[in-house]
Amino acid sequence: MGLLDGGEAPVDDGPWYSYETVNTTLHIYKDFIVPLLKNNPIIENPMDFIKIVSKIRGHPMAKAGIEFALWDLYAKRHKQPLYRLLGGVRDYVESGVSIGIIGDYDRLIKAISHYLDEGYRRVKIKIKPGWDIGPVKRIRKEFGDIPLQVDANAAYELRDKHIFIELDKYGLLMIEQPFHYEDLYEHSILQKLIKTPICLDESIKSIYDAMAAIALGSLKVINVKPARVGGLLETITIHDYALKHNIPIWIGGMLETGIGRGFQVAAATLPNVKYPNDISASKRYYEEEIVEPPWEITSDGIIRVPNKPGIGVEVLEDRVEKYTVKKLSFKIQ
């Protein structure tokens, strides 16, 4: 795998979270990014790569996959852990857990109890119309004032504002992405009606969305998914701008393998990351990890950042081959 050992584009098989898919990403790599790299063979650092591919509009996750690999290589060449090169200020990150829509109160309570026992420092539950106030009320009854937030994944409209006015009574850390995945304006209206911080996820695709959202008052927190915004350079740009405007961030994920998780962990060491992150232990999603060592959380809910060059874990290429379904073969010379 060579150069790209350390990179991952965590795209889905369909356009469910983003318009980017496995097939669109392969297309962008083969027909656009690789030819550009062949015509610009000297890349000194990840910033050079971003300049080279800037003429390609969109496709941030495709770009991020290769930018990540270049960051890993760049850090290894400088014999530095990646998090230090990024400006990280701690050698650990706080980990939270995200729980999907279970639809059954007893099963939800059992799941939360299990994850709290494992050490996760924050619980996030997904909500949708008909599964929102009820589960939050039940969680507060069972667990008291545990750190709790909800994620709507753009399932509501402004006419549903009464739901969030009611949720405002339950001391939530934040309400994530209640309205449309491209909206900034209607979120600004809701934020004026409630004290609970609104956190935007899908709506923040770049620094330009972040600047507009902050100017409009659409949010008080940003969930930055490095792959969603196009890589670590854009993550740092958003982080720095948000810090300047007293808007905290935290790091989200896209069900990355242990490779992509390494970049999440590095980003989560930045100084303006003020909440537990959606970075779970490898075993949460994978029976067999493709990196060594796998990512683990401690009993008090943190992930230790490896003090090794690059992302700090080794890719197990035999396992990557074992699970590969579709290959893209090309050479950059």
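Every number here is computed from the coordinates shown, using simple stated rules; none is lab data. As the structure is a computational prediction, the values presented were derived from the model and not from experiment. Cβ placement follows ideal geometry from the backbone for every residue including glycine, while neighbour counts extend to all protein chains displayed.
Residue pairs whose Cβ atoms lie under 8 Å apart, separated by 6 or more positions or on different chains, with the first residue in region 246-259 and closer than 17 Å to N153 by Cβ and the second hydrophobic (A, V, I, L, M, F, W, C) and surrounded by fewer than 24 Cβ atoms within 10 Å (Cβ to Cβ), are W250/V221; W250/V273.
L36 passes every criterion in (1) touching a residue at least 60 places away in the same chain (Cβ under 8 Å); (2) part of a helix (DSSP H, G or I) apart from (1). Looking for something within 19 Å of the chain's Cα centre (by Cα), among the hydrophobic types (A, V, I, L, M, F, W, C), crowded, with 17+ Cβ neighbours inside 10 Å and under 30 Å from V53 (Cα atoms) - is there at least one such residue anywhere in region 189-202? Scanning region 189-202 turns up at least one residue that is within 19 Å of the chain's Cα centre (by Cα), among the hydrophobic types (A, V, I, L, M, F, W, C), crowded, with 17+ Cβ neighbours inside 10 Å and under 30 Å from V53 (Cα atoms). For region 196-207, a tally of residues being part of a helix (DSSP H, G or I) and either charged (D, E, K, R) or under 15 Å from Y185 (Cβ atoms) (or both) returns 0. Taking first residues from region 134-152 that are within 11 Å of L167 (Cα to Cα) and partners that are surrounded by fewer than 17 Cβ atoms within 10 Å (Cβ to Cβ), the Cβ contacts under 8 Å between residues at least 6 apart in sequence or on separate chains come to G134/Y105; P135/Y105; V136/Y170; K137/Y170.
Looking at the structure I just gave you, is P276 of a type outside the set (D, E), farther than 30 Å from V34 by Cα, touching a Phe, Trp or Tyr at 6+ places or on another chain (Cβ under 9 Å) and surrounded by fewer than 22 Cβ atoms within 10 Å (Cβ to Cβ)? For P276, the condition - of a type outside the set (D, E), farther than 30 Å from V34 by Cα, touching a Phe, Trp or Tyr at 6+ places or on another chain (Cβ under 9 Å) and surrounded by fewer than 22 Cβ atoms within 10 Å (Cβ to Cβ) - is not met. Every condition in (1) at positive phi; (2) of a type outside the set (A, V, I, L, M, F, W, C); (3) more than 13 Å from the chain's Cα centre (by Cα) is met by S282 except one, and the failing one is (1). Number of residues in region 280-314 that are of a type in the set (A, V, I, L, M, F, W, C), in contact (Cβ under 8 Å) with a residue 60 or more places away in the chain and more than 15 Å from Y83 (Cα to Cα): the value is 3.
Quick one: is I247 more than 15 Å from the chain's Cα centre (by Cα), assigned to a strand (DSSP E or B) and of a type outside the set (S, T, Y)?
no
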